[in-house]
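Let me begin by presenting the structure, written as structure tokens, before commenting on it.
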Amino acid sequence: MALSCCSAVHELRGQADFVFALAGNPNVGKSSMFNTLTGTGAVTANYPGKTVEINVASTRLAELTIGLVDLPGTYALGAVSEDQWVARQGILDGSPDVVIAILDATNLARNLYMLLQLQDMGLPVVAALNLVDEAEKKGIQTDVGKLSALLGIPVIPTVATRGDGLETLLSAAVSAARALRGDTCSAGCEGARGSSGGVGASGIAGGGSGSGGFRLPSPARYGKDIEAVVDGLVRAIGPLQGRQLPAVSARGLALLLLENDSQFTELVGNAPGGRQLMDEVGQAAARIQAAHGEEAALRLIRERHGLAGTIADEVQVRGSGRELLSQRLWRLTTSPVTGIPILLLTLAAVFAFLFVVGNLLSGLFGSAWQAGVSPLLQWLIHAIAGNGVVAKILTWGPDAGIQAALAVGIPYVLTFYFLLAFLEDSGYLNSVAFLTDRLMHKFGLHGRAIIPLVAGAGCNVPAIIGTRVLTTMRERVIASTLIVLVPCSARTAVIVGALASLVGWQWGVAVFLLSGLLVLGAGAGLNVVMPGESSGLVMEMFPFRMPSLRTIAVKTWYRFKDFIFVAAPIVLVGSLGLGALYETGLIWKLSGPLAPVMEGWLGLPAVAGLTLIFAVLRKELALQLLVTLALVRYGPHASTLLYFMAPPQLFVYALVNTIYIPCIATIAVLGKELGWKRAAAIIAFTIALALAVGGGARFVLSAVGLG
């Protein structure tokens, strides 16, 4: 389950013996580790910036219940972006017993920065050196024992996707937690002893040892002059501790204040005696700047990065192995010369797979329902309700409504989720982010913004939440507007299920192309009318990986299960509502006022407008209700919809449904994330755009003789 950063850990603490937080840079396998340990099926992906939620779950280690908190993936613990803020608050407010810092063995120096931050803050840390299998393929050998000695904490080699080393990692964390509590080691912590090959040895981080082989994390050293300044601040902080100061170590607070951390400077400034302390911080920062010729905050960041690099150089040996296939794929997919053709071929392959497999599943599901379930339901409904109006209304929901969902909604959504999981886990989306960076700057964004845009093809809701990783409100508004124009899986079901499969794949491709052009045009226009500039792109070069079929299947199932649980009741109620309107004759009275727009401008049956209104609940509901209406009016064969509308009309219908006002869940998250004024502006824009493009398409088709 996903909860706020504070309540998540507190709720879990009452149910578990120990609570551990999983922290790490994006794409170090943190969520894969969480899923493997807990089996919750939290959605993971091989690209950064996917989510800023906190996921909590529990697992067992011997007789112990272990609570795990999956923090957002982030490169640091500043409060610059929301993912960093949520990760930090999950640690500071939640106070987990131990923070498990997950390191990427293929990029150790980059990953050590946040671990050193955690130690600087005086937090109890155990490290997981993940992706050791990938590092070995690249010829990278890590002396885990030496790394553990230099850091002064347990370091456990792991391969999260296979579960290698995870039990040992939990045992080490339990041992650390027991040491901090002063408990003696018992079942569940024996594996920590000796597992890291050097726990408790002296190194850069000095300090005393705790019980169970665990040493309390001591700070890394940044040079005598800086350490002297920090020690002076620690002495000044001492008398003020316990007087509403933040709950971090004195040294951690001193470093945060020297780094001019906005959250902590405000907290300290408002605390009793805080103003005097901030004056001393200013003097200390001035001394560092005078000695090093740069601001104290920048110098500390540089020192920490330098220390991370020094440690990585000390413990790793890199071979000169041959170029791996994953590296060649990265090079090919990020070069404009080869990357753009590969991207176009990938999109074509995705559409073809969705078209073929979705059609196959649609036929199988629809035939099975008509042959086995529909006759039984018809008999049961008539046996209970007779043959009157009530029975006819009931037939719309459990029978025609679900049959429509099986024929045109569920097959394509299921297929698309499988494709999306494959693209995520392969790492290809990360290459797309690099490839499209220059293009995204024309929209006032950068390449990383392509991630929520692609995620929007699955569902707009998490994609809009994912824009929190963007640094400015301007970027978030532009990205969110473009996301609602991206055909989500539900709208893709309409395009493929109602258009491409019935009229021809060319019509479906045309809708996707028009949607893409609208996204490009809207992005360019918003970049002009909204003041400001885009920030730069900072991302790691993550390698391609062979996706695990099991992981893809699990991810697809969890997404699809959530879709079914949300969509099924809406489809059922929507079908019953439309059935009641139809059987009582009200549908023709209500659709009458829509006639000027639907018939006069868009060239569609007026009743189709009602289904588009219902689609605010869920976008694919429009098509399913249209199929349901056709089934009732024209019989089972009308599921093709060609009994109901001509091909050009289906094209306009699918186009309008794709563009106009997003579903109610998307509207809600837009209001929450951007404010209701911005959300209302986006909604109004999509409605106007859908009507303009839909009407324009109708008249163009008529002009060329297709209308």
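Read-outs throughout are calculated quantities, based only on the coordinates presented, and are distinct from any laboratory measurement. Remember, predicted model here, so these are calculated numbers, not experimental data. No Cβ is skipped: glycine too gets one built from the backbone with ideal geometry, and neighbour counts run over all protein chains shown.
Counting only residues at least eight positions apart within a chain, or on another chain, the lysines with an alpha carbon under 24 Å from that of residue 137 are 30, 146.
In this label model, residue 367 and residue 346 are separated by 3.5 nm, measuring between points 7 Å along each Cα→Cβ vector.
Quick one: which residues, 5 or more positions from residue 24 or on another chain, have an amide H under 5 Å from its amide H? H modelled 1.01 Å from N in the peptide plane, none for Pro or chain starts. Answer set, sorted by chain and number: 74, 102. In whole angstrom, segment 224-318 maps to an equivalent ellipsoid with semi-axes of 27, 15, 11, each derived as √(5λ) from the alpha carbon gyration tensor and ordered largest first.
Peptides 339-350, 136-147, 600-611 ranked from most to least packed by the mean count of surrounding Cβ atoms within 10 Å: 600-611, 136-147, 339-350. Normalised by 2.2 N^0.38 Å, where N is the number of residues, the alpha-carbon radius of gyration of segment 254-387 equals 2.32. Using only Cα atoms, locate the centre of segment 682-707 and the centre of segment 432-499, then give the distance between them in Å, rounded to an integer. Taking the Cα centre of each part, segment 682-707 and segment 432-499 sit 23 Å apart. Taking the Cα centre of segment 224-318 as origin and assigning +1 to Lys and Arg Cβ atoms and -1 to Asp and Glu Cβ atoms, the resulting dipole is close to 180 debye.
Under a 5 Å amide H cut-off, with hydrogens placed 1.01 Å from N, residue 129 pairs with 103, 156, 158 among residues at least 5 apart or on other chains. Semi-axis lengths, largest first, of the ellipsoid equivalent to segment 310-444 are 52, 17, 15 Å, with √(5λ) applied to each eigenvalue of the Cα gyration tensor. The convex hull of the Cα atoms of segment 393-514, projected and averaged over all directions, covers 9.2 nm².
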